[in-house]
Amino acid sequence: MSVLLVLPIILPLLAAALAIVASHHRTLQRIVAVGALIAVAVDSAFLLAVVERDGVQSVQMGAWPAPLGITLVVDMFSALMLVISMVTVLSVLIYAIGQPGVDQDQPVFHPVYLVMTAGVALSFTTGDLFNLFVAYEITLAASYVLITLGGRREQIRSGMTYIIINLLASTLFVVGIAWVYAATGTVNMADLAVKIAQLPSGTQTALSMFLLVVFGIKAAIFPLFFWLPDSYPTARMPVTAVFAGLLTKVGVYSIIRTQTLLFPQNRPSTILLVCAGLTMAIGVLGAIAQNDMKRILSFHIVSQIGYMILGLGLFSVAGVAGTVFFIFHQIPVKTALFLATGLVEQSTGSTALSKVGGMIRRTPLVAGLFLLAALSLAGIPPFSGFVGKLGIIQAGFGAGEYAIVGVSLVVSLLTLFSMIKIWNGVFLGTPEDPTLRLASATSEERLSTPVLMRGATVALVGVTLAIALFAGTLFDLSERAAQGLLDPSAYIQQVLG
Amino acid sequence: MSFFSALIVAVLFSVGVYLLLQRTLSRIILGLALMAHSANLLLMVVGGRAGKAPIVGAFGPEDSVADPLPQALALTAIVISFGVIAFLLAVAYRSWVLTQDDEVEDDLEDARIAQLGEAEMRRWWSRPK
C-alpha cells in the first residue's frame with residue numbers, strides 16, 4: 001500500500017528527468033508526460049479508495065520512525081485534493097500540447113510542468129512542516145520558470161513581482177519553522193499537534209498567526225492578495241489556468257491543515273471570518289472594475305478563496321465539509337474557465353471585452369463551455385458551486401454568524417453579475433473593434449481551435465458536471481474529511497503509532 | 001542561545017527589509033538574499049548550544065551533543081535560496097536587457113489609477129471659470 005503514497009511524487013520527477021533527456025524529441029516528451037500524469041491520476045484514485053476503506057494511510061521515508069524521519073500521510077482531505085488536482089493537471093497538459101507555440105517552442109515546458117506536479121502532490125501528502133516548505137519550493141521554483149516562459153517584457157515585469165513576493169513568503173516560512181522548532185523541538189506535524197497543545201496560549205497564538213500570514217500570502221487572502229491579479233494573466237494560458245486552479249489552493253490546503261491539526265479550536269475564529277469576508281468582497285469588487293476576461297477571472301480567484309476561508313473559520317464539521325467540497329469543485333471550475341478563455345484568445349487574438357464580441361455565433365461550443373463553468377462558479381443550482389456554497393452558508397447559519405453569511409450572499413450575486421458582464425461582452429453582441437472583425441472574417445482557420453484544446457476543455461467541464469451529479473457522495477466524503485480534520489486523533493495515531 | 005547571534009539575525013533581517021522596500025531591482029534582490037541568510041542563521045540559533053558532533057561513537061554519555069536537525073534544515077534552506085536567487089538574478093538581467101532600466105515598473109492598476117488622476121487634474125484646470 002505504501003507505494004501508492006510515494007508514486008504521485010516519484011513518478012512526475014522521474015518523468016521530468018526523462019523529458020529533459022528527450023528534449024529534442026517532442027513526441028517522446030509528450031508521451032512521457034501524459035503517461036506519467038495518467039498513472040498518477042489513477043494512483044490517486046486508488047489512494048482515495050484505500051483511504052475510504054481503511055482510513056488514514058502513512059509511510060515513513062527511509063523507515064525512520066515518525067518524529068525522526070519524514071512522514072508522508074494521506075487522509076481523506078489529502079486524497080480528495082490529490083485526485084482532483086491530478087485530473088486537472090492532466091487535462092491542462094493535454095490542452096497545452098494542443099495549443100500551438102507552448103511546448104513546441106519550449107523544450108523546457110514538459111520537465112518543469114512535471115516538477116510542479118510533483119511539488120503539488122508532495123504538499124498534499126507531506127506530514128512534516130519542513131518538508132512542506134521543500135514541497136512549496138519545488139512547486140514555486142517550477143512556477144517561476146513557467147510564469148516567465150517566453151520572456152516577454154510584460155511577463156518579466158509581473159513575473160518579477162511574483163517571484164519576489166513568493167521568495168519573501170518562503171523566507172518568512174523558514175523563520176516560522178525556526179520558531180516552531182524553538183518552541184517544540186520537532187517539525188513532524190503529528191508530533192507538533194501533541195506538543196503545541198502543551199505550550200502557553202500566547203506562544204500558540206503567535207505561531208498560529210505567523211503561519212497564517214505565510215500561507216495567506218501563498219493563498220492570496222486579504223490583505224495579502226495584491227500580487228495575484230497582476231501576475232497570473234500575463235503567462236501563457238495553460239500556465240495561467242493551472243496556477244489559477246491549483247497553486248492558491250495549495251496555500252488554502254496548508255492553512256486548513258495547520259489551523260486544524262496544530263492549532264485546533266472549537267468555536268468560530270473571528271480573525272479568519274473577517275479575513276474571509278474582506279477577501280470575498282474586495283476580490284469581487286476588483287473583478288467588476290476590470291475589462292479583460294483574464295483579469296476578471298483572476299480577481300475571482302481571490303474572491304472564491306474567501307469562501308474557503310469562511311468555511312474553515314467556522315471550525316464546525318459542517319463548515320469545514322463545505323470548504324472541502326468547495327475546493328474540490330473550485331479547482332476544475334476555475335481551470336475550465338481559464339481554458340475556455342484561452343479558446344477565445346486562440347480564435348480572436350484578444351480577451352478584452354471591448355474587442356471581442358459575438359462569439360456565440362462563431363463558436364457556440366466555446367460559449368456553451370464557458371456558460372456551464374461560469375454558472376457553476378456563480379453557484380446557480382443545480383451546478384456544483386451551488387452545493388458547495390449551500391454547505392458553507394448553512395454552516396454559517398448554524399453557527400449564528402449572520403453578518404458573514406450576508407456578505408457571502410451579496411458576493412455571490414456580484415459574481416453572477418460579473419459573469420454576465422463577460423457573457424454580454426464576449427459572447428453576445430457584435431465585436432466593437434473593426435480590425436479584429438476584419439481579421440476574423442478573412443481568415444476562417446483562425447476561428448477553429450485545435451481539437452486537443454477543445455477536447456481538454458470539454459473533459460474538464462465534464463468533470464465539473466460530474467461533481468454536480470455525484471454531489472451527494474462527494475459531500476459525504478467531504479464530511480468524513482472534515483471529521484478527520486477537526487478530530488485528528490486517527491491522523492496522529494497513524495503517524496506516531 | 002547567545003545574544004550576539006540573535007542580534008546578527010535581527011540586524012540582517014532589518015537591513016534586508018530596508019533593501020526590499022527600495023525601488024531598484026538589484027537592491028531588492030540583495031535584500032532578499034540578506035533576509036534568507038538571516039532566516040538560515042535563525043535556524044542555527046534555535047538549535048541551541050554547540051556541542052560534540054552527533055555521530056555515534058564521537059561523544060560519551062556525559063558530553064552535550066549538538067542538535068543535528070536545524071543544521072540539516074539550514075543546509076536545505078541555503079541550497080533553495082541560492083537556487084532561487086540565482087534565477088531571480090537571471091530574470092533581473094532579462095528585465096534590464098528589455099527595459100535598459102533597473103527600476104521596478106508600475107503594475108497595470110497603478111498605471112491606470114495614475115492615468116485617471118492625470119485626466120481628473122486636466123479636467124480640473126480646464127474647467128470654465
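The values are calculated or read from the model by the stated rules, or taken from the named source; none is laboratory data. Only a predicted model underlies this, so the values are computations on that prediction, with no experimental measurement involved. In this analysis, Cβ positions are derived from the backbone assuming ideal geometry, glycine residues included, and neighbour counts consider all displayed protein chains. SASA here: full protein model, heavy atoms, side chains in, ligands and nucleic acids out. Shrake-Rupley method; radii C 1.70, N 1.55, O 1.52, S 1.80 Å.
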Of all helices (runs of 4 or more DSSP H) fully inside the stretch A:393-488, the set with 1 or more residues that are among the hydroxyl-bearing types (Ser, Thr, Tyr), open to solvent by less than 70 Å² (accessible area, probe 1.4 Å) and modelled with pLDDT of 90 or more is A:402-422, A:451-469, A:471-486
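Only one of A:ALA178, A:ALA183 is aliphatic (A, V, I, L, M) and within 7 Å of chain B (Cβ to nearest Cβ). Can you tell me which? Full working, then the answer.
On the way: A:ALA183 fails: within 7 Å of chain B (Cβ to nearest Cβ).
Answer to the check: A:ALA178.
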Of (1) open to solvent by 60 Å² or more (accessible area, probe 1.4 Å); (2) assigned to a loop (DSSP other than H, G, I, E, B), B:ARG94 fails just (2)
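Restricting attention to the stretch B:41-52, and to residues there that are among the small types (Gly, Ala, Ser) and surrounded by fewer than 19 Cβ atoms within 10 Å (Cβ to Cβ), which single residue is nearest to the other protein chains (Cβ to nearest Cβ)? Show your work before the answer.
The first filter runs over the stretch B:41-52 and keeps only residues among the small types (Gly, Ala, Ser), leaving B:47-48, B:50-51.
If we keep only those that are surrounded by fewer than 19 Cβ atoms within 10 Å (Cβ to Cβ) too, we end up with B:48, B:50-51.
Numbers: B:GLY48: 9, B:ALA50: 16, B:GLY51: 15 Å.
Ranking the candidates gives B:GLY48 first.
Among the candidates A:SER58, A:SER44, which residue alone is assigned to a helix (DSSP H, G or I) and of a type in the set (Ser, Thr, Tyr)?
On the way: A:SER58 fails: assigned to a helix (DSSP H, G or I).
Sole residue among the options that is assigned to a helix (DSSP H, G or I) and of a type in the set (Ser, Thr, Tyr): A:SER44.
Filter the stretch A:52-68 for residues that are in contact with a helix residue (DSSP H, G or I) (Cβ under 8 Å, 6 or more places away or on another chain) and open to solvent by 10 Å² or more (accessible area, probe 1.4 Å) and give the result. Before the answer, list the steps.
Going residue by residue through the stretch A:52-68, those that are in contact with a helix residue (DSSP H, G or I) (Cβ under 8 Å, 6 or more places away or on another chain) are A:52, A:55-59, A:66-67.
Of everything in the stretch A:52-68, those that are in contact with a helix residue (DSSP H, G or I) (Cβ under 8 Å, 6 or more places away or on another chain) and open to solvent by 10 Å² or more (accessible area, probe 1.4 Å) turn out to be A:GLU52, A:GLY55, A:VAL56, A:GLN57, A:SER58, A:VAL59, A:PRO67.
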Residue that is nearest to the other protein chains (Cβ to nearest Cβ) [pool: residues in the stretch A:187-198 that are crowded, with 21+ Cβ neighbours inside 10 Å and more than 17 Å from A:ALA490 (Cα to Cα)]:
A:VAL187
Of the listed residues (A:PRO67, A:PRO107), the one being within 14 Å of chain B (Cβ to nearest Cβ), more than 14 Å from the chain's Cα centre (by Cα) and not in a helix (DSSP H, G or I) is A:PRO67
A:GLY342 - would you say it is closer than 29 Å to A:PRO450 by Cα and surrounded by fewer than 24 Cβ atoms within 10 Å (Cβ to Cβ)?
no
Regarding the stretch A:214-226, can at least one residue be identified that is open to solvent by less than 50 Å² (accessible area, probe 1.4 Å), out of contact with any Leu (no Cβ under 6 Å at 6 or more places or on another chain) and either within 14 Å of another protein chain (Cβ to nearest Cβ) or of a type in the set (S, T, N, Q) (or both)?
yes
In the stretch A:345-379, anything among the polar types (S, T, N, Q) and surrounded by fewer than 24 Cβ atoms within 10 Å (Cβ to Cβ) is listed as A:GLN346, A:SER347, A:SER350, A:THR351, A:SER354, A:THR363
Restricting the stretch B:80-91 to residues that are surrounded by 17 or more Cβ atoms within 10 Å (Cβ to Cβ) and within 7 Å of chain A (Cβ to nearest Cβ), which is nearest to A:ARG152 (Cα to Cα)?
B:VAL91
For residues that are free of Cβ contacts under 8 Å to residues at least 24 places away in the same chain and closer than 20 Å to A:ALA36 by Cβ, scanning just the stretch A:101-140, find the one that is most open to solvent (accessible area, probe 1.4 Å).
A:ILE138
In the stretch B:101-110, is there at least one residue being aliphatic (A, V, I, L, M), open to solvent by less than 70 Å² (accessible area, probe 1.4 Å) and within 9 Å of chain A (Cβ to nearest Cβ)?
yes
Kindly list the number of the only condition in (1) in contact (Cβ under 8 Å) with a residue 24 or more places away in the chain; (2) small (Gly, Ala, Ser); (3) loosely packed, with under 11 Cβ neighbours inside 10 Å that fails for B:SER38.
(3)
Filter the stretch A:19-51 down to residues that are buried (at least 20 other Cβ atoms within 10 Å of the Cβ) and of a type in the set (S, T, N, Q) and give me whichever is nearest to A:LEU7 (Cα to Cα).
A:SER44
The stretch A:278-293 - residue that is open to solvent by 10 Å² or more (accessible area, probe 1.4 Å) and in contact with a Gly (Cβ under 9 Å, 6 or more places away or on another chain) and, of those, nearest to the other protein chains (Cβ to nearest Cβ):
A:ASN291
Scanning the stretch A:141-155 residue by residue, the ones that are open to solvent by 10 Å² or more (accessible area, probe 1.4 Å) and either under 12 Å from A:VAL250 (Cβ atoms) or assigned to a helix (DSSP H, G or I) (or both) total 4
Among (1) modelled with pLDDT of 90 or more; (2) within 14 Å of chain B (Cβ to nearest Cβ); (3) open to solvent by less than 10 Å² (accessible area, probe 1.4 Å), A:ALA235 falls short only on (1)
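Name the residue that is nearest to A:ALA169 (Cα to Cα), counting only residues in the stretch B:53-77 that are in a helix (DSSP H, G or I) and more than 10 Å from chain A (Cβ to nearest Cβ). Outline the logic, then answer.
Going through the stretch B:53-77, the residues in a helix (DSSP H, G or I) turn out to be B:68-77.
After this cut, where a residue has to be more than 10 Å from chain A (Cβ to nearest Cβ) as well, the list is B:68, B:71, B:75.
Values: B:PRO68: 25, B:GLN71: 21, B:LEU75: 19 Å.
Ranking the candidates gives B:LEU75 first.
Determine, yes or no, whether A:PHE173 is crowded, with 23+ Cβ neighbours inside 10 Å, within 24 Å of the chain's Cα centre (by Cα) and either within 14 Å of chain B (Cβ to nearest Cβ) or over 30 Å from A:VAL108 (Cα atoms) (or both). Write out each step before concluding.
Values: crowded, with 23+ Cβ neighbours inside 10 Å: yes; within 24 Å of the chain's Cα centre (by Cα): yes; either within 14 Å of chain B (Cβ to nearest Cβ) or over 30 Å from A:VAL108 (Cα atoms) (or both): yes.
Answer is yes for this residue.
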